[in-house]
Structures are given as C-alpha cells and as structure tokens.
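Asker: One structure follows; several queries about it will come next.
Just so it is clear, none of the values below were taken in a lab; they were calculated from the coordinates. Keep in mind the model is a prediction, meaning the values are calculated, not measured. Counting neighbours? That spans all protein chains shown, and the Cβs are built from the backbone with ideal geometry, glycine included.
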C-alpha cells in the first residue's frame, strides 16, 4: 500500500517558469546588454570542452585540514532546537572541511563544496586600493580581470592565487546508519588565477553540476571510483569582476520546467553563446538552461548576492539576497522572470550606496518607489546563504509550505536556520510566519535529504575557514510515519529509467515533491506526452495535474513533435474552474507559442485570480499579441499599485507588444500607473521616446523617466534630460541625474546650466553644492559615474567652459553666507587653476562674518593658485582667533615658507593652545624633506613622555618617516621597546586618543572595507548581528574599544560570547556567558535559564570566537583607527547626541 500524506491546497499567486519575453533585449535591457536568446542545437560544451581545463595551472598545496576531535559533539549540545527536533553528526573534519554548500543526492550520497582559497586565491576588493577597484569596475570580461591581476600584482602575489584549491568531497553512508562511512575527493584542482569559490553542486542521474567562477561544469564518474572522469565546461564567462568574497556562482536547482537554474552574485557575467553573448556585468543574476547546458538564458537581474534558489510546490522561485553593509537589510526576493531587483555592483563603492539607499530600493513595496524594480517581499535575515523548500515528507506538517534559510552571521551564537512561510498577496507574496527551528550553528547550507532528515553544513568559525567543517542531520522522530520515510528513500534511490511508465504516472500524485518532479522529468525525457496529458486531465491531486503540465512543457522542448497535440489540452485547462490550472495552462500557451489559443489568454486578462492575470499578461508578451494593447493598458490602470508582480507583468507585455510611438501616446493617459508602466517599457526598449515623460506633472513619472535615461543609459535622450534643469520643483533623485546629464554632455551649454543652478539661491542647497563640485571637477572628471559609481569615463577636457560659467557668477555666490557653498567655490577655483578668482578668494579669506571653514578653504585655494602675498596671508592666519584658520596656516607653512617651517612648526607642536593645532604642526613636520634640531626636540619630548597622548600618533608617524636618521631611529626604538610584542593593543596604542570623531563617524557608516554598520547599530541605524553600540562609550573604556577592533577575540561583548562547558560530572552545558569571576562561570541557556558552574568543576571549555573579522584593522590606517575609537568613545546612549556632536 502506498502511503501518501495529504497534499494541501496551493496559494493563489503567480509562478515563474517560462522563457524570456523579450526577443533581443535582456530582462534588464541596457543594464544587461543584448543577448542571444533561442540557443538551440548542440550543447555549448562542444564549443569549449576541447580546451584543457586547468592547463598551465600549478599543482596546489595539500589543503590544511584539522584532525578529528570531539568538538562537534560538544557543539551539538549548544544548538537551540525547536521542540521535538533531534540532531546527530553525519560527518566532521577531517572528512569534511570549510563547507560552502552541499547536495544530498537521491542515493543518499553527499557532495560537498569545500574551499581552501579564501583570502588567498579568492580575494576581495576591500583589501585593495582605488586603482585596483577602478580596474575591476572597468573590466568587461573574465580575461580583463586576469589581465589586470597580472599587471597590478607582483609575481609573489600572483603565486598566492595558485597555492590552494577548491574541491568537491563525496561522502557516502554505506550502511545507512546516519553517519558517513567514506570520504572521497570527487574533483579538485580548481585553483586558476581567475577561479572563484566553488559554491554550488547538484547531482542528477549521475551528472554532477558544479559552479566555480568562471565556469559551469558537468562531471561524471563512469568507472565507479568515486572520482570525476574529467571536467566538461558547459558555460564560461562568469565572474567578470572581483567584487566581494562569497559573491560567487551558486544556487543550482532543477526547476519544475525541467531546466537547470543557478545564480551569481554581483561579480557579473559575459558569456559566449552560439550567435552572440549574454552580458550582465553590473549585478547579480539568475540564469537557466537545459540540463545539457543548451539554451542558456538570463532570467532575472539586479541582485547583490543570491546564494541559493528554491522553488515552492507551485513553481514560484525565491532567494535570499544579502545586504550591502550600509544599514540596509537583506531581502527575501520573489524571483520573477525578467525582474530587476535594483542592485548594481558599483553602488558598493559609493559611501551611501547611491540609489540603493537614496531611493530605498531594498525595502518592500512602498509608495514612491521606482517602478522599474521588483521590490522584495520582506527584509529578513542578515546573511542568507543556503535555502531549501520542504518537499512534503520527513517532518509531517512541521515544515509544511515552508522554506528553510541558512542565516550566516559570522559566529555560531548569532546564526542558524530560519523558517519562512509565504502567503499570497494578490499576485505577489507576504511572509505569514517565520521562525528559528535550528539556531546557534554557523550554517552555510541546508537541504532536506531523501532519508527524512534535514542536513545542515557548519562552517564552524570565522569568515575564511579554519580547516574544520561538519554536516549535521536533524530529524523529528515523532512527526512522520517511518514507512513513509522508507518509501520515499527507496523510491528516490531507485533507477527511474527502469520504472514502468504507469508507475511514473502514478508517482505524479505522490506527497513528496521530489518524487513528483523526478517522475515528471523521466516521462518528459521518454516523450510520454500521452501519459502526461492523461494526468493533466484526470490527475488525483491538483499538484499531480500541475506536474503533468510542467512535464508537457519539458516534453515539447525535448520532443517538438508533441507540440501540436498539446493545444486542445491547454484550451480545456485554460477554461478550468481551478485557478491554478487556468494560470499554468495560460502560461504554457505563451511558452509554446500556441497562437490558436490566444482568445483564452485574452480572457485571462480579466480573470478574477491575480495569478491568472499575471500569466495572461506574460503570455500576451510572449505571443506578441499587439491587439491586446488596450486590454493590457486597462488592466494596468485597474490593478493596485501595491502589487509588484502585476505591474511587472504589465510592463513586460507592453515592452514586447507596443511600439515606442504607442507607448509615447500613453503620456496623456489619466492613470499614473499606466504612465509609469509606459516609461519602464520604453526603458526596456532603450527608446529615446521615454524623454516625452520628462514633462509629466507627476514626480513619480518624471523621476522614473530621468532614471531610465540616465541609468541605462539612453544616450539619445540625454540632452532632453539635461534641458530639464529648467524645472523648478523635483525630488533629489531627479536633480542628481539632470545635473549629471549636463556634466557628462559638457560644452558651454552644460557648464552654463550648472553655473546658473549653483548660483540660484532658490534651489536645493545640497544640489547647488553638487553643481559647484561638478564645475570644480570639470577638467578632470573621475571615470566613475557621479550618481551610479559605474565605470563611465568622460576623459580630460578643457576647463574653459567651467571657468567661464564660474566667472560670471563668482561675485554673487561669494556674497552668500553658505559655508559649504563657499568651501566648494574655493575648491573649484583651485582645481580649475582659476587665477581670476584670486580677488574674490582674498575677500572671503578676510571676511570675519564668514564661517572659518570657508575662509580656510579660500586660503588653501590662494596658496594653490600661487596668489601674490600668499605667505603673508598664511602668517596672518597663524594669529587668527579661529582655530580652523590657525590649523590651515600650519598645514600650509611647509609650502609657503619652507626655510622657517621647521622652527615654526616645532614650536607649535610643543606649545600650541589646542591638540588639533599640535597635531597639524607635527603633520607639517612630516612634509619636510628632513629634520634637524627643532624637529628632533619634538621627538625627544615624545620619547620622554612629555607630550600629551593626543599627539602620540603624529609623533610615531613622524619618527617612522625619518627613521633612517640615526637620532630618530634611536628615539623610535626607545618608545617601541617599551611595548609588549605579544600585545596587539600595544601595537596600536597611539590610536587611543586624539581622533576626529566626525571622520570616525564617516568610517563607521560609510567605509566599505570595514563595514561596521553591517553588524552594529548606532542610534537605530545599522545591523543586528553584533551589539548595539549606541552607548558603548558610556560602558567601555577607550582601551576596550581599541582592543575590540585590533583583537576582537580577546574579549567578546556581553551577550555575544557563548561557551560549551564540560563539567566534572561529565555534563555538557551550553549558553551565552552572562558573568565570569574567579569562582564561577554563569551561562544563560537557550530557554533563558541561568547555569552557575564553579570554576573548579570545569573540565574543558570551548569558547566561541567573535563574528567580527580579525583582519578588520588591516583595512584601517592608524589615523582612521584613532578616528573610529574617538567616535565610539563619544557614544553615550543619548539618541542623536553623539552624532550631532561630530557633525
């Protein structure tokens, strides 16, 4: 007797299986470039399989793997499990190490992606300078990346990339006792210079797919020795850029349509395919292809790092997308075909993440959000990685209709497995329920196994891998009938190729989705359209009928001769009373190009089910049904603005069926939603007709048009955008793009427009400053776009237009009392070498009514312009009552009075009234060509301890610069000899005092290479992974703050350090450390109970490490470190006060 647990009814919302709607443009046209779509015939591997994989790549060193221990057993004691769950160890080091991802095959064998290249072969842009990042942003192909590595790195640095490899480990549980008996290296030597992290693996019918930038591999073990017999490259060209570690190629899964889906982070892709290339170098993407690698498609874009993909029972694809470390939140994304989630890789290098934060693209739908994106369903998790959907058996109803998401947060006590249950919200979704069924494990991946268990990989510690790894198996022994588990295990392990077709057809009704899918795929492969049609008409369950439909879709791709017989079935099901069947029948009409059934698609446009309407609009686009134009427009006008799926489908339809002229005519439509849809459709067509909408009265529409023209870009419409500078009222995103259009177009017209804007006191202050900065940058603009950060070089150009524009307006601007505007005026004059500005700058420098910072900038400009009497101006500033003027005078003394500079600066270093002046004086000494008596006196006072600690850093840097002078070397050695070589704190002691809190705030919130705000909150802004630091300055000393940065594992913040303790009675205790004295250790367990353990009773103790990366300090200069400590020390728990004090 078959044991078939109850299959629940499905949610009524759109699925997303199908081919690309647009025939030429990628789903994110412009961003993604042009793609070749119908890639049929021979597998792409034919193009590349003959090339030797790994040719000329040095042999890697053996990986560093820890030996076996009892750590895993102790760690399990610390897991926080939902009631009824039990955990056992399946494998641990040395059989598994540094597991990034894994796949439990239907046989029960486990393929594990192991990495040994983190920080050596797989690097991160945060570890390099701006010149490196520029080359990365400029790269358009993988070979570009290889080229700039070879150009910028020395041979020793290049050699590090080859030292270790990534590999696939194969674990086998031969006796089915829930513990791996054998461990084999299935494939290795993934250690080329351009190789990324091997982060995705999937086995199906003996084919092992593996994703490791730059390639999608296919491997087989034909001789049964548990090792791959060669490597075939199905596709290459992934990972155009370095970006951040972990933003790799991953997410392998087989969709209900029989295609292979996978994802890449924002490292980009430029992939050769028959007849063209698929290009998206600016964001993370989802791809799909046939199981043989043919017909590769770009499916969705605009993601940052979608680690894994998972379908639910109804064909809906989801992913967790990581945040950008800037106070934004990770995203739970409903992946729609052709969807753009809004992220661009270059945003990472803008301090505020550009449009992503400015326009709140990462938030769920809200009014005013751009229409070109598909927003996330929700913000949840902090480090989404592994993902799976409950297949229907193994845990009874516990995980019914739920996704399980691994949340990797850098330390075990903050990480684990989340559960997420969606519910329909029109054609979109919302989260109905979420939980943490398994917590306090540093999980990287999660998958339901064929044996009724839930498998979870454990990274164990840190961020780069410590040569350890575990694979755990979680079960609920009371939730499921053991006979059901045995049936599923045996069925999945069986050879479906030998099963009778009748048995496969019956399996379409099974309660386990994996069995349904496997049966469906086999029937499709055999070309059994007859059985699939029968099941679609008469299946016992709705899911059986849906799987039959999906199987027919797959079957007709594999066996086109069956397409003609499908039409009648689709017409029947499109008229079904069941909305799910109607929706998927209409979707399949579009997929198969069944124009004879077009009337049913059109009827779907007015269906009562949002799911049906979604697929009807998508199919209208695929069938290119231009006659449905008015119906699509009416539907867009009627659907709620808050339903992103329906909006997206309407846009996709319009982009496919409407000419630019018809879309332009919608400019007079009364519905804002229709006009927005028209703008985005024109954006997808890259049509300059979108400029029509720059005159729209609704800010949502004209801002959308400006973004389309500027961001894609659409060069033919850029002049129209620039001319929109005459509009009086508009949101900031509009002005940024209008100003940048004028800046990029250049010429006298552009410069004049910027000058006029900068001088207009009725305009936004922030945007006036932006216009002034553009004029200052005119002659030597950065190669990165000002708004987007993308590599869009303008090149050097004559400063004449900017000088002329400023000359006309300089006097009027100088009359204003706006500090920032005057600052930028001075900087612009200096950068443009605008000597005619000297009289105006002199007046500003002497004007006592103007803010001191603006006067200081004017003095700098005068010195840069070599104004007559510049040295006299600096001398007067020495005696100014304002500290800022005295400081700028000290800074400029070496440049203006080199002969007397050492004497003047040394005197100020020893006697100046404020610490800031002393610091400036010592920094000035560092800019001299040498030191004699006065400068040595300063260092002698430092070495003797006679100077305040606030100037210690400047003195150390001064001594290090001139350390080749014997007297200086002696003084430096004397100071450093007093430090303990074992103390990390001592090595950075100069960073304790004297920092600039304002600069520290900028580091905390905006410095990409340290990303403090990713894990920590201040005044409500930031992440939740680490402790809230809003009052850290009240609670902790400067020594603690400094040590927490340079040696994060020395003392972990209260509430974030956990421990596993074995006591004298053999009992294991796990919890967060609440308090520790010489006598007792107090823990708080998962239930909130306090455990008091005498120190004398502790036999062994395993502490957790901090989630904070140990190499954070490597990404900070000593001065930046001091500034950060200063900022943190001022956080006293009064909301806004600490930040206000440094602004």
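Asker: At 222 nm, what value in deg cm²/dmol follows for the chain if DSSP H runs of at least 4 each add -39500 (n - 2.57) and the sum is divided by all its residues, to the nearest 500?
Answerer: -11000 deg cm²/dmol
Asker: Still on this structure, please answer the following. Could you tell me the calculated FRET efficiency between residue 897 and residue 143, based on Cβ-Cβ distance and R0 = 45 angstrom, to the nearest 0.05?
Answerer: So the FRET efficiency works out to roughly 0.30.
Asker: For the pair residue 637 and residue 782, how long in nm is the line joining their label points, each one 7 Å along Cα→Cβ?
Answerer: The two pseudo-label positions are separated by 4.5 nm.
Asker: Hey, another quick one. Gain in length, residue 423 to residue 397, computed as 0.36 nm per residue apart minus the alpha-carbon separation, to one decimal in nm?
Answerer: 7.7 nm
Asker: Subtract the Cα-Cα distance of residue 836 and residue 160 from 0.36 nm times their separation in residues, and report this length gain in nm to one decimal.
Answerer: 238.0 nm
Asker: Something else: Taking other Cβ within 10 Å of each residue's Cβ, how do 988, 210 sort, fewest first?
Answerer: Ascending Cβ contact count within 10 Å gives the list 988, 210.
Asker: Still on this structure, please answer the following. When the label point is put 7 Å from the Cα of residue 204 along its Cα-to-beta-carbon vector, which residues of the stretch 271-303 have a backbone N closer than 18 Å?
Answerer: 286-300
Asker: Of the peptides 1006-1013, 674-681, how do they stack up when ordered by the mean number of other Cβ atoms within 10 Å, highest first?
Answerer: Final packing ranking: 674-681, 1006-1013.
Asker: Could I ask something else about it? Please determine, in degrees from 0 to 90 and to the nearest 10, the orientation of helix 765-776 with respect to the longest principal axis defined by the Cα atoms of the chain, where the helix direction is its Cα long axis.
Answerer: The answer is roughly 80 degrees.
Asker: Could you check the simple spin-label distance between residue 367 and residue 77, using points 7 Å along Cα→Cβ, in nm with one decimal?
Answerer: Distance between the two pseudo-spin positions: 5.7 nm.
Asker: Next question. Starting from the Cα gyration tensor of the stretch 104-232, take the square roots of the eigenvalues, sort them a ≥ b ≥ c, and report rounded, prolate or oblate (rounded when a/c is under 1.5, otherwise prolate if a/b is larger than b/c, else oblate).
Answerer: prolate
Asker: Label-point separation (nm) for residue 960 and residue 177, each offset 7 Å from Cα along Cα-to-Cβ?
Answerer: It works out to 5.7 nm between the two label points.
Asker: How much length is gained on full extension from residue 749 to residue 1082, taking 0.36 nm per residue of separation minus their Cα-Cα distance?
Answerer: The residue 749-residue 1082 span can extend by a further 112.7 nm.
Asker: Peptides 543-552, 180-189, 217-226: what's the order by average Cβ count within 10 Å, highest mean first?
Answerer: 543-552, 180-189, 217-226
Asker: Compute the relative contact order of the chain as a whole-number percentage, counting only Cα pairs closer than 8 Å that sit 6 or more residues apart in sequence.
Answerer: In percent, rounded to a whole number, it is 9.
Asker: Right, next: When a/c is below 1.5 the answer is rounded, else prolate if a/b is larger than b/c, else oblate, so apply that to the chain with a ≥ b ≥ c taken from the square roots of the Cα gyration tensor eigenvalues.
Answerer: oblate
Asker: A further question on this structure: Can you give the FRET efficiency for residue 565 and residue 695, using 1/(1 + (r/R0)^6), R0 = 51 Å, r = Cβ-Cβ distance, to the nearest 0.05?
Answerer: E between residue 565 and residue 695, to the nearest 0.05, is 0.45.
Asker: Within the stretch 171-195, find all residues whose amide N lies under 19 Å from a label point positioned 7 Å from the Cα of residue 220 along Cα-to-beta-carbon.
Answerer: Within reach of a label on residue 220: 186-188.
Asker: So for the stretch 77-157, averaging the separation of alpha carbon pairs under 8 Å that are six or more residues apart and normalising by length, what relative contact order in percent results?
Answerer: 15 percent
Asker: Over the stretch 142-282, what relative contact order in percent results from Cα pairs under 8 Å that are six or more residues apart?
Answerer: 17 percent
Asker: For an R0 of 51 angstrom, estimate the FRET efficiency from the Cβ-Cβ distance between residue 1039 and residue 729 and round to the nearest 0.05.
Answerer: Calculated value: 0.45.
Asker: Among 407-413, 896-902, 86-92, how do they line up by average Cβ neighbours within 10 Å per residue, starting with the highest?
Answerer: Ranking, from highest mean packing down: 407-413, 86-92, 896-902.
Asker: Here's something else I'd like to know. Could you please rank 669, 541, placing first whichever residue has the fewest other Cβ atoms within 10 Å of its Cβ?
Answerer: Ordered from fewest to most neighbouring Cβ atoms within 10 Å, 669, 541 come out as 669, 541.
Asker: Angle check, please: helix 482-493 long axis (alpha carbons) against the longest principal axis of the chain (alpha carbons), in degrees 0 to 90, nearest 10.
Answerer: In the chain, helix 482-493 runs at an angle near 80 degrees to the longest axis.
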